[in-house]
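Remarks on the structure that follows.
The values are calculated or read from the model by the stated rules, or taken from the named source; none is laboratory data. The structure displayed is predicted, hence computed values, not measured ones. Don't worry about glycine lacking a Cβ; one is built from the backbone with ideal geometry, like all the others, and counts go over all protein chains shown. Heavy atoms of the whole protein, side chains included, go into the accessibility calculation; ligands, DNA and RNA do not. Shrake-Rupley method; radii C 1.70, N 1.55, O 1.52, S 1.80 Å.
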Amino acid sequence: MTLFLEMHGISKTFPGVKALNRVDLHLRLGEVHVLAGENGAGKSTLMKIMTGVYRADPGGAIRIDGQDTVIKDPVHARALGISIIYQELAVVNNMTVAENIYLAREPLGRTGLIDRRKMNADARAVLAELDISIAPDTRVGNLSIGQKQMVEIARAISYRSKLIIMDEPTASLSHHEATTLTRMVRKLAAQNIGIVYISHRMDEIFEIADRITVLRDGETVDSRPAADMTRELLVRKMVDRELSQLFGAHLSHATHQVLMSVRGLGLKRPTAQGARVSDVSFDLHRGEILGFFGLVGAGRTEVMEMIFGSRSHVGTIAIDGKEVRIESPSDAIGHGIGFVTEDRKEQGLVLGMSVRENFSLTHLAEYCRLDVVNRRRETEACHGFVRSLGIKTPSTEQKVLNLSGGNQQKVVIAKWVARRPRILIVDEPTRGIDIGAKAEVHALLNRLTSEGMSIIVVSSDLPEILAISDRVIVLKEGRISGILGRDDATQEQVMLAATG
Amino acid sequence: MSGQKSATAEQTPQRLWHGLAQLRHVREVNVLLAMLIVGALISLYTPYFLTTNNLMGVFRAFSLTAIMSIGMVMVIITGGIDLSVGSAMGLASLVTALCFDAGFGTSTSIAAGVGVGVTFGLANGLLITAVGLPPFIATLGTLSIGRGMMYMITHGVPVTPDTPEAFSVLGQGYVGPVPVPVVIMLALMVVFALVMRRTRFGRHVYATGGNEHAARLSGVKTDRVKLAVYVLSSTIASLAGIIGFSRYLSAEPASGFGSELDVIAAAAIGGASLAGGVGSVTGAVIGAALVGVIANGVVLLNINTYAQQAITGGVILIAVSLDVLRSKLTGGNG
Amino acid sequence: MSGQKSATAEQTPQRLWHGLAQLRHVREVNVLLAMLIVGALISLYTPYFLTTNNLMGVFRAFSLTAIMSIGMVMVIITGGIDLSVGSAMGLASLVTALCFDAGFGTSTSIAAGVGVGVTFGLANGLLITAVGLPPFIATLGTLSIGRGMMYMITHGVPVTPDTPEAFSVLGQGYVGPVPVPVVIMLALMVVFALVMRRTRFGRHVYATGGNEHAARLSGVKTDRVKLAVYVLSSTIASLAGIIGFSRYLSAEPASGFGSELDVIAAAAIGGASLAGGVGSVTGAVIGAALVGVIANGVVLLNINTYAQQAITGGVILIAVSLDVLRSKLTGGNG
Amino acid sequence: QDVTIAVVPKVAVPFFDDCNTGAQEAADRLGVSYQWVVPQNTQGATQVKIMEDLIARNVTGIAISVNEPKSVEGVIQQAIDAGIKVVTFDSDSAESARSLYIGTINTEAGVTMGNSMAEALGGKGKVAIVTGQLGASNLNERIDGVKKALEAYPEIEIVAIEGTEDDLAKAVSVTEALLRANPDLSGIFGMSQVGGPAVAKVLAQKEFADRKGALQVFAFDDLPDTVQGVKDGFINGIMVQRPVTMGRLAVESLVAQIKGEAGEIKDIDTGVTVVNADNLDSYTK
Ligand SMILES: Nc1ncnc2c1ncn2[C@@H]1O[C@H](COP(=O)(O)OP(=O)(O)OP(=O)(O)O)[C@@H](O)[C@H]1O
Ligand SMILES: Nc1ncnc2c1ncn2[C@@H]1O[C@H](COP(=O)(O)OP(=O)(O)OP(=O)(O)O)[C@@H](O)[C@H]1O
Ligand SMILES: [Mg+2]
Ligand SMILES: [Mg+2]
């Protein structure tokens, strides 16, 4: 395996933050190089330097094929054979899948006009290679976030680069798609393509890694062949704690008292695309953690959006035995429901606002007297969550835009937990969160149920669902295909219900 | 999910049907419908509306606004705005007139007018991309500077040089029954509709407005795209100015003033979103047409002249509301 | 990672310093600086600028634009635009005048004028939230309807009723050396700056403009927020209309026409972004002030009237460019 | 024969409202249909479009006050070719084929104004001109007239010309600034309809109380505030044209031409009256 790209002594300082401190990295062709580290360790920043989005602080060097190189911008990086899937999606919603994949390199016909047919055919081929069933002329805005992620992957692959960087590509994918992707990654490596792979999923890391490098607080703390690495060691290197300390035992606080009962829930106006959710009925008990599992597009998010009032529905929802009308998110919030959305960028956060302002948006009234915000109390409450969730930020006044992906996710969780809803719906709550923080989120959810809160967890991460749920509901093509108690819910049973 | 997985021959009727069904969702078709309804209503009450002469007159009357809206809509699609079109138009017509006055030939004079447009566009584009000014401020500045220059040059006196017969064809001539400005409008519409839909440049304009960051990361030279649309907008506006001058053979110091609102309105009525990423060239032309038909109708129907503006406003609101409500009912949650 | 993990007393000087350092990045401070520089330049060349009378006159002259820009900037922060402010202002002053003409008392007449503003705001707000029209179209429609109504009512003739002495205090009175309109402007500025920075409503306005979808999902009633800012904008504009009428005691049929551009410009110069989420009330007032100072300067310096507009445009461009370049140099990658 | 007379002013201002009154009256008296079409802005193109619409509508006579002389030449010819009688009033397109012009000769009005000022100043002093839209041709003709008249008085200096976009608020602040920048100013010309009200309002302010009497003011058009300004002693005199008469004559002349009863067709100068405190109650429009 030939050495392709070397980074030496790379540092990067943002106002108030030293994101990287003299990092070294050696990347070889044909090798899958996993980059691990807790949220805010500097992984994405390092990758953005490698693709010319950021310029590193003076002092370091990047060598490609032994040559000192200054990477000017992403386009230059691609010319040098480096392409990337960014952690934060970078798609144009009002263009089609094919147009997104071939943006800025559209195939031209003889007339000099875009050869749409060829573009669609090429896109279809790339998508097929990844086993993705999305029509190339679908508007990207109509896709779910997981599907958008797959479009991004298809685009990165289609560049046929020497080095492909994947920054948490599977964070929004479910098991099935993630497996396809890891297979694809191995195949690419076999074709002598270098891969940098960032992930917080342990199974995945050990499945595909040839080499693992660990970053902590912007510094390289370890780099070794995957064969020499164990889970325990990796976790210790990443978060400086023992794996066994992380995940405590599951303590159920579920009661038999029905808090919310949903009957015959379905879409009011079925759209052309998407799962046709219909006839979904279930009960949520007080103090329970109810897991929702399904493949991408099974309609889990749609069900939650209906309960939360952001999507119109038919059927009834009753809370405490009384039927309630929920036609907007504020109706739902009024009935004590909270919703951690799966798409933090578009639905969860006001990126231009500070951590504090995003945090308090759900429950600002608590800090208000006569509508005037008490800034001190607001800041204190925010500080509390910054500390307890380990949100890495120079201050509560930092714009969330400048936080790392995982830390943004923590802000979304914090803003809903702080409101203390009776029913908390969390859709992919640990997307992009490191293993330490994940354990903390699980513990947090567990603690909340002990205080009487009921929680619905939607997750594509099957082990996560199994680990924390009291019961699991499986959705398939918009309908419930199984309700399993904690003891019946095994990996096999759940997968069977989801696919069978 | 009916769909065109492949474009084999047997699927063609299905695709056609699909295409027709999709049409309902297209903003410009709705506005076109609204315009046809307004036209039908007018012609119910007056026999003078549906005459070739009148219709051609209406077309010619809105052609300049429509031409400018073609450039404007491209700017709007990138997420920008060009307030300076009126000044670019006015100054171009003035400079062309001055060139004729100074004895230059037709082509030199036209070139000078176009040069004004290009200069405006470069100024706007560079202020926005190189300096980093918000488009509203940048083009407001050049709007003021352009107006000021027109006053400084003319001191408020129109310039009315002698011009060769051939030049006046541009504004006053006909191709068959169709006035030349209308022909130019249609030609520009067809060309730029094609450019926006079928060329790289066009797609990059949409991408820049849809998600500038993503577009730049993908390798779209968004700054160049923006520079280009501002240059196009101003240049097209200068063309409108030259056509206008050829029509009236008088360059007024106040010509084009305030027209930015009409031009932006045409684009917006035709479906362009000021947030960027959305809009179409044909929509903008149809938007200009709707306003033109209403203005004609008010005079033909001898409606209280003072009410014209109120009626125009009302009809626009109704037309676009119908459009919005229709797509709400048929569209689902976009 | 230096930082304020907690706000203990000992850190206060550090925070103060931090606060001062941050000031450089604040748009309104830069524009204020630009304005002071322009003022200093003017006073270098004419002794008449820095007199109490002149400064108060300048303040009074831009106060109406500034007042309207306070409402406008809130609309702009939600990501909208209000083109109808000029019409709301004009129609409010007209209705107030007509009430006086019809023999109503001061409070009734003022209430009627304010009622016009509220009506405009409700119409705009409902067209935007309930019908779903784009703000540009909705307010363009009400702009046209308002103008049309003014023409229909006046036929172009100003309304100049007799008014009680007390009423004219609003536009012509003084508090000490400070004209009442200026006092009202400052009061509104302080109140709404606090509202925007310190209250839940203000926070919701920023959130709605920053990411409407996320705000709604967080429980912000974005439709109500939008309705509220349009009502505020129109109502504040109607107040400006009433003050203007009290000042001139003549309701001009053309008053307020075209002022939307000035008002939006003030907000934009003061740092508001038409994309929403960004802007400030004080910035908008300072933006209006910058334009007002320039307008005064060109007359005091006896600059050729024909060149005034060009100079105004140029100075605005330079002032905002300096601001943009400064924050580029100090800011890093935003 | 059905006779329809259309009258097209320049914009919606009081002056033209008076024209409308006169024209409407004449049309009613003569028993012809009447249409009043006000352009939405002062650009030449707008009036051309309106003329085209009127031709399409088959009116029989058009009276127009021209915003931009050259640009309407073509369309006036087109109307005449279509058998429509065309006259101009208030503001002419002299090169066009219109049958006649009825109105004030603006340059002459300006000369009258200049002479009145010179007389009031006793032949010396600094004066300023507050005009309306910078591009308006009638205002420019008046300014030319003033300048021509003042040529005879070398000791009178025009220190500034300021535009106001015909906006009262702008006119007021410009006038204030003018007075502050020129403490020794002794005369102001209000060339457009906003000039009179603006100057009167500024002089009514405490700050400028001492300028009353020291400042000679002549204005155009008898808006209520301008008339009040004369009564209050802020304004020396107003150049009043005869808009009602213009409207009436325009319609009468068109109808006569259409019926073939017109005698000699030639321009009509309706003249201006200098209205001051003495004849304030007795002048006619
Ligand atoms: N544009 C920026 N401005 C300021 N700080 C930034 C910016 N981008 C990143 N940071 C900071 O740099 C640090 C490293 O961030 P980075 O995104 O590289 O983390 P990461 O390792 O990718 O984390 P995650 O696993 O959560 O994605 C974080 O503390 C983050 O807050
Ligand atoms: N705004 C939208 N417009 C049209 N279709 C949509 C939209 N959002 C989602 N869909 C479609 O709806 C289907 C179901 O989406 P949903 O998000 O509810 O599924 P899910 O089970 O939560 O899966 P995941 O969230 O993992 O993608 C997806 O296939 C997606 O294509
Ligand atoms: Mg990251
Ligand atoms: Mg989902």
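General remarks:
- Of the helices (runs of 4 or more DSSP H) that lie entirely inside the range B:33-131, those containing 2 or more residues that are in contact with a strand residue (DSSP E or B) (Cβ under 7 Å, 6 or more places away or on another chain) span B:52-77, B:85-101.
- Single residue of the range A:121-139 satisfying the filter (more than 9 Å from chain B (Cβ to nearest Cβ) and of a type in the set (A, V, I, L, M, F, W, C)) that is surrounded by the most Cβ atoms within 10 Å (Cβ to Cβ): A:A123
- Verdict on B:G148 being at pLDDT below 95, more than 30 Å from B:D223 (Cα to Cα) and of a type outside the set (A, V, I, L, M): no
- Residues in the range A:432-457 that are in contact with a Ser or Thr (Cβ under 7 Å, 6 or more places away or on another chain) and at pLDDT 95 or above were compared, and the one that is nearest to ligand 3 (Cβ to nearest atom) is A:V457.
- Members of the range A:39-73 that are more than 9 Å from every other protein chain (Cβ to nearest Cβ), more than 9 Å from ligand 1 (Cβ to nearest atom) and surrounded by 19 or more Cβ atoms within 10 Å (Cβ to Cβ): A:I49, A:M50, A:G52, A:A56, A:I62, A:I64, A:I71
- Of the residues contained in the range A:364-377, none is found to be more than 7 Å from every other protein chain (Cβ to nearest Cβ), open to solvent by less than 10 Å² (accessible area, probe 1.4 Å) and in contact (Cβ under 8 Å) with a residue 12 or more places away in the chain.
- Scope the range A:396-431; condition open to solvent by 20 Å² or more (accessible area, probe 1.4 Å), of a type in the set (G, A, S) and more than 16 Å from ligand 3 (Cβ to nearest atom); matching residues: none
- Just so you know, in the range A:201-215 the residues that are in a loop (DSSP other than H, G, I, E, B) and open to solvent by 20 Å² or more (accessible area, probe 1.4 Å) include one that is farthest from ligand 3 (Cβ to nearest atom), and it is A:D210.
- Filtered residue count, the range A:1-38, keeping only those that are more than 14 Å from every other protein chain (Cβ to nearest Cβ), over 17 Å from A:P225 (Cα atoms) and assigned to a loop (DSSP other than H, G, I, E, B): 1
- Across the range A:181-188, not a single residue is classified as within 16 Å of ligand 1 (Cβ to nearest atom), of a type outside the set (S, T, Y) and open to solvent by 10 Å² or more (accessible area, probe 1.4 Å).
- Residue in the range A:258-278 that is away from ligand 3 (no atom under 16 Å from the Cβ), farther than 29 Å from A:E397 by Cα and within 14 Å of chain C (Cβ to nearest Cβ) present: no
- Subset of the range A:293-344 that is among the hydroxyl-bearing types (S, T, Y) and more than 27 Å from A:L403 (Cβ to Cβ) - its residue that is nearest to ligand 3 (Cβ to nearest atom): A:S328
- Taking first residues from the range A:38-60 that are farther than 22 Å from A:Q408 by Cβ and partners that are open to solvent by 20 Å² or more (accessible area, probe 1.4 Å) and away from ligand 4 (no atom under 16 Å from the Cβ), the Cβ contacts under 6 Å between residues at least 6 apart in sequence or on separate chains come to A:G52/A:K72; A:G52/A:D73; A:G52/A:H76; A:D57/A:T13; A:G60/A:H8.
- Filtered by the rule that a residue be more than 7 Å from chain B (Cβ to nearest Cβ) and among the hydrophobic types (A, V, I, L, M, F, W, C), the range C:144-161 gives C:M150, C:I153, C:V157, C:V159.
- Residue, surrounded by the most Cβ atoms within 10 Å (Cβ to Cβ), within the range A:74-120, restricted to residues that are within 16 Å of ligand 3 (Cβ to nearest atom) and hydrophobic (A, V, I, L, M, F, W, C): A:I84
- Selection within the range B:248-259 - open to solvent by 10 Å² or more (accessible area, probe 1.4 Å) and more than 7 Å from every other protein chain (Cβ to nearest Cβ): B:F257, B:S259
- Those helices (runs of 4 or more DSSP H) of the range A:382-500 in which at least 1 residues are within 26 Å of A:M202 (Cα to Cα) and either over 17 Å from the mean Cα position of the chain (by Cα) or of a type in the set (S, T, Y) (or both), considering only elements entirely within it, cover A:435-450, A:462-468, A:491-499.
- Conditions (1) surrounded by 24 or more Cβ atoms within 10 Å (Cβ to Cβ); (2) in contact with a helix residue (DSSP H, G or I) (Cβ under 7 Å, 6 or more places away or on another chain): number failed by A:K12: (1)
- Yes/no for C:A240 being within 14 Å of chain A (Cβ to nearest Cβ), assigned to a helix (DSSP H, G or I) and within 17 Å of the chain's Cα centre (by Cα): no
- Evaluation of D:V38 against the conditions (1) hydrophobic (A, V, I, L, M, F, W, C); (2) within 16 Å of the chain's Cα centre (by Cα); (3) part of a helix (DSSP H, G or I) shows that the sole unmet condition is (3).
- Candidate set: the range B:39-75, residues that are under 21 Å from the mean Cα position of the chain (by Cα), within 14 Å of chain D (Cβ to nearest Cβ) and β-branched (V, I, T); chosen: the one nearest to B:L122 (Cα to Cα): B:I67
- With respect to the stated conditions, D:S253 is touching a Leu at 6+ places or on another chain (Cβ under 9 Å) and part of a helix (DSSP H, G or I).
- Scan the range A:301-359 for residues that are within 16 Å of ligand 1 (Cβ to nearest atom), open to solvent by less than 30 Å² (accessible area, probe 1.4 Å) and of a type in the set (G, A, S) and the total you get is 2.
- Among the residues of the range C:181-234, those identified as of a type in the set (F, W, Y) and within 12 Å of chain A (Cβ to nearest Cβ) are C:F201, C:Y206.
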